[in-house]
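A.B. asks: After the structure tokens below, expect a handful of questions from me.
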Amino acid sequence: MGESDVAELITAVIVDDHPAIAAGVRAWCAAATPPVELIDAEGRIARAWTEPGASAQVVIFDLQLNGPPAFRELERLVDAGRQVIVYSGRSDRDTVLTCLDLGVFTYLTKAEGPDHLIPAIRAAAADLPYTSPSLGGVMSTDRRPSRPQLSEREMETLVAWFESDSKRLVAGKLGVSIKTVETYIDRVRIKYANTGRPARTKAALVERAIQDGLIAMEDLTG
Amino acid sequence: MIETMARLRGRLRIAILIVATADLIALDLPALITHLDVYLVAWPVVAGYLTLIALLVIEGVLIVRGRSWGRWRWPALGLTLAVSVLVNALIPVIEVPGYANWPIDGIGWVAVVLLFDQHLGVLLAVLAGHFATNFVHLALGGNLTPLVLINVGTDIVTIGAFQVTAGAATWMVRYAARTAARAAAAEAEVRATEAIAARVHEDRQRRTQELEAEVRPLLTGLADGSYDPADDQTRRDCAIAAARMRRLFAEGDDVDDRLLHEVKACVDIAERRGVLVDLATQGSWPGLPREVRRGLTEAPVRVLSTARNWARVTVLGTDSGVSVSVVADGGAAGAFPLADGAVTITTVEDEDRLWVKATWLS
């Protein structure tokens, strides 16, 4: 997702009931340059609401804390304006689309953690869109009537991103630059942020994208 | 259950034919013969009677041959009602309440025979029409006195009650047979689903056991220090075992998905060779014919088989079709045809990575 514009130290809180996951994410955060400060909520959502978790810029959220998907808790976090990265073992379309509609920042499967979690945390802190390959796959197979209109090129890019997990391969396949690939993927993400249930986090994403010239107002209203 | 209902239906049909035949021969024939001098013209009445008998004979033949009236049912029914009108017209109005009016019950029984298996409403309408001709006849002849009405009405109620009951019985048997057929079909479906679920479950149990056999030594090795977590090989073995466990845990549906099953089998083989495989699926696809599945999997699987260290395998079902894609390091898979039957194949090479995708458009 390019260079982060946030130079200062980013703080994230992880809500996951498996200590091994939290420990692994802590190791990635420590190894990142610059490092990300991680607070472990030890599987308790309340710790994301109290200090020091409350002021963390990014919430890494395991959707299933010993039970069914915690959509209500997720909604509360999003409604409070928190940037939530759902980090889950599930990858079924309905779950991912529900999270997206609630207004989460992005969705990563556990298999995508090593490559995508740190870049996603940085993007979340900067309000820049971040679409994991699994999220791309979900968007490309979205059949709901309420889905946003995607161009053929955007669709091809999403599918290729899901399949290859490499922007360079996508660029090679479609005969465009890596930058163009990123633009297509980000535009789709913004289109999704502009549909369904309104949320502050979604609005922030759209606003930033328009400011950066990633997408024009007409593309969203048309 | 279905056979029982069919047998019951067959017997009921024979029983109704016997009742109708007995009525026409034992009751109506003597009435006809003893009143031949009463009718305005006798021979058409006899012809009408013989027509009804002929219809019953045809029913007998159909029963023996195990067939139904089919679309001939309706002309036959029309003929029966025509006999009803004709004979009524040839009976002097004074004789309508009497024995000379043998069709008053005979027609109804033939109608029950012809309308076997049909909706009860049809029989009710036909009987109403038939009985109405008697009243019309009385009205036209100016013979609608209370006594006559009571006589004819009593006849109609007693005769009609038997006929409607018989008709209702055939209808109920048909309804029960349909319900039985539906229940049997639902049961067969449940059984098929159960069989698939059982097979999927067995497959998962087997894989869980195999996985345990791989994971246990890894964990004990890490615990007793014989495996070094910093060692690349150990990390790799752990990553592969973790990927397989994740995949197993993520499975929730009991669907018999052959395409995915075949892809997973190949992923399994690659993992045993020590290749770290990232398998992702998204969307849905229909059951595909064998040659399409073969076309979809052959090229990607060849790339998978030459992967050295890692591979990403995806199966994607969109509105337009299904695709299987493999990105792997290695690049020694050789050249691929551009198409394999109805499946198109695209290849992208990038340094040491090879990406092959097979797409089938629906």
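A.B. asks: Do we have any residue at all in segment B:123-146 that's surrounded by 11 or more Cβ atoms within 10 Å (Cβ to Cβ), at negative phi, in contact with a Phe, Trp or Tyr (Cβ under 9 Å, 6 or more places away or on another chain) and polar (S, T, N, Q)?
C.D. replies: Taking every residue of segment B:123-146 in turn, none turns out to be surrounded by 11 or more Cβ atoms within 10 Å (Cβ to Cβ), at negative phi, in contact with a Phe, Trp or Tyr (Cβ under 9 Å, 6 or more places away or on another chain) and polar (S, T, N, Q).
A.B. asks: Given the structure, is A:Leu205 buried (at least 17 other Cβ atoms within 10 Å of the Cβ), within 25 Å of A:Gln57 (Cβ to Cβ) and away from chain B (no Cβ under 12 Å)? Write out each step before concluding.
C.D. replies: Working: buried (at least 17 other Cβ atoms within 10 Å of the Cβ): yes; within 25 Å of A:Gln57 (Cβ to Cβ): yes; away from chain B (no Cβ under 12 Å): yes.
Against the criterion (buried (at least 17 other Cβ atoms within 10 Å of the Cβ), within 25 Å of A:Gln57 (Cβ to Cβ) and away from chain B (no Cβ under 12 Å)), A:Leu205 qualifies.
A.B. asks: Which pairs turn up if I take residues in segment B:201-216 that are in contact (Cβ under 8 Å) with a residue 40 or more places away in the chain and look for partners that are outside any helix (DSSP H, G or I) and of a type outside the set (Gly, Ala, Ser) with beta carbon separation below 7 Å, at least 6 apart in sequence or on another chain?
C.D. replies: Taking only residues 6 or more apart or on different chains, the pairs are B:Arg204/B:Glu251.
Here is a yes/no grid of residues against (1) under 23 Å from A:Lys191 (Cβ atoms); (2) in contact with a Pro (Cβ under 7 Å, 6 or more places away or on another chain); (3) in a strand (DSSP E or B); (4) more than 14 Å from chain B (Cβ to nearest Cβ):
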residue: A:Leu63; (1), (2), (3), (4): no, yes, no, no
residue: A:Arg76; (1), (2), (3), (4): no, no, no, yes
residue: A:Val104; (1), (2), (3), (4): yes, no, no, yes
residue: A:Leu117; (1), (2), (3), (4): no, no, no, yes
residue: A:Asp127; (1), (2), (3), (4): yes, no, no, yes
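A.B. asks: Here is a follow-up. What's the number of the condition B:Phe116 fails, among (1) at pLDDT 90 or above; (2) surrounded by 22 or more Cβ atoms within 10 Å (Cβ to Cβ); (3) of a type outside the set (Val, Ile, Thr)?
C.D. replies: B:Phe116 satisfies every listed condition except (1).
A.B. asks: Which of the following residues is at pLDDT 85 or above, under 30 Å from B:Val190 (Cβ atoms) and among the small types (Gly, Ala, Ser): B:Ser284, B:Ser226?
C.D. replies: B:Ser284
A.B. asks: Could you tell me which residue of segment A:154-183 is farthest from the other protein chains (Cβ to nearest Cβ), considering only residues that are without any contact (Cβ under 8 Å) to a residue 60 or more places away in the chain, of a type in the set (D, E, K, R) and outside any loop (DSSP other than H, G, I, E, B)? Quick ask: steps written out before the conclusion?
C.D. replies: Residues of segment A:154-183 that are without any contact (Cβ under 8 Å) to a residue 60 or more places away in the chain, as a first pass: A:154-181, A:183.
Add one more test, that the residue is of a type in the set (D, E, K, R), and what stays is A:154, A:156, A:163, A:165, A:167-168, A:173, A:179.
Next, only the ones that are outside any loop (DSSP other than H, G, I, E, B) stay: A:154, A:156, A:163, A:167-168, A:173, A:179.
Details: A:Glu154: 13, A:Glu156: 11, A:Glu163: 4, A:Lys167: 11, A:Arg168: 6, A:Lys173: 5, A:Lys179: 17 Å.
Step by step, filter segment A:154-183, then rank; the result is A:Lys179.
A.B. asks: If we keep just the residues of segment B:241-281 that are of a type in the set (Gly, Ala, Ser) and assigned to a loop (DSSP other than H, G, I, E, B), which is modelled with the highest pLDDT?
C.D. replies: B:Gly274
A.B. asks: Please enumerate the residues belonging to segment A:166-186 that are crowded, with 21+ Cβ neighbours inside 10 Å and closer than 21 Å to A:Ala124 by Cβ.
C.D. replies: Once the filter is applied, which keeps residues that are crowded, with 21+ Cβ neighbours inside 10 Å and closer than 21 Å to A:Ala124 by Cβ, segment A:166-186 yields A:Val181, A:Tyr184, A:Ile185, A:Asp186.
A.B. asks: Is segment A:136-153 home to any residue that is in contact (Cβ under 8 Å) with a residue 24 or more places away in the chain, more than 9 Å from every other protein chain (Cβ to nearest Cβ) and farther than 22 Å from A:Gly196 by Cβ?
C.D. replies: The answer is yes, given that some residue of segment A:136-153 is in contact (Cβ under 8 Å) with a residue 24 or more places away in the chain, more than 9 Å from every other protein chain (Cβ to nearest Cβ) and farther than 22 Å from A:Gly196 by Cβ.
A.B. asks: Looking at B:Val173, is it of a type outside the set (S, T, N, Q), more than 30 Å from B:Gly108 (Cα to Cα) and within 40 Å of the chain's Cα centre (by Cα)?
C.D. replies: Considered against the rule, which asks whether it is of a type outside the set (S, T, N, Q), more than 30 Å from B:Gly108 (Cα to Cα) and within 40 Å of the chain's Cα centre (by Cα), B:Val173 comes out as no.
A.B. asks: Yes or no: segment B:218-237 includes at least one residue that is surrounded by 16 or more Cβ atoms within 10 Å (Cβ to Cβ), within 29 Å of B:Thr346 (Cα to Cα) and of a type outside the set (Phe, Trp, Tyr).
C.D. replies: Checked segment B:218-237: no residue is surrounded by 16 or more Cβ atoms within 10 Å (Cβ to Cβ), within 29 Å of B:Thr346 (Cα to Cα) and of a type outside the set (Phe, Trp, Tyr).
The values are calculated or read from the model by the stated rules, or taken from the named source; none is laboratory data. The model shown is predicted, which means the values in this text are computed figures rather than measured ones. Neighbour counts are summed over all protein chains in view; Cβ atoms, including those assigned to glycine, are modelled from backbone coordinates with ideal geometry.
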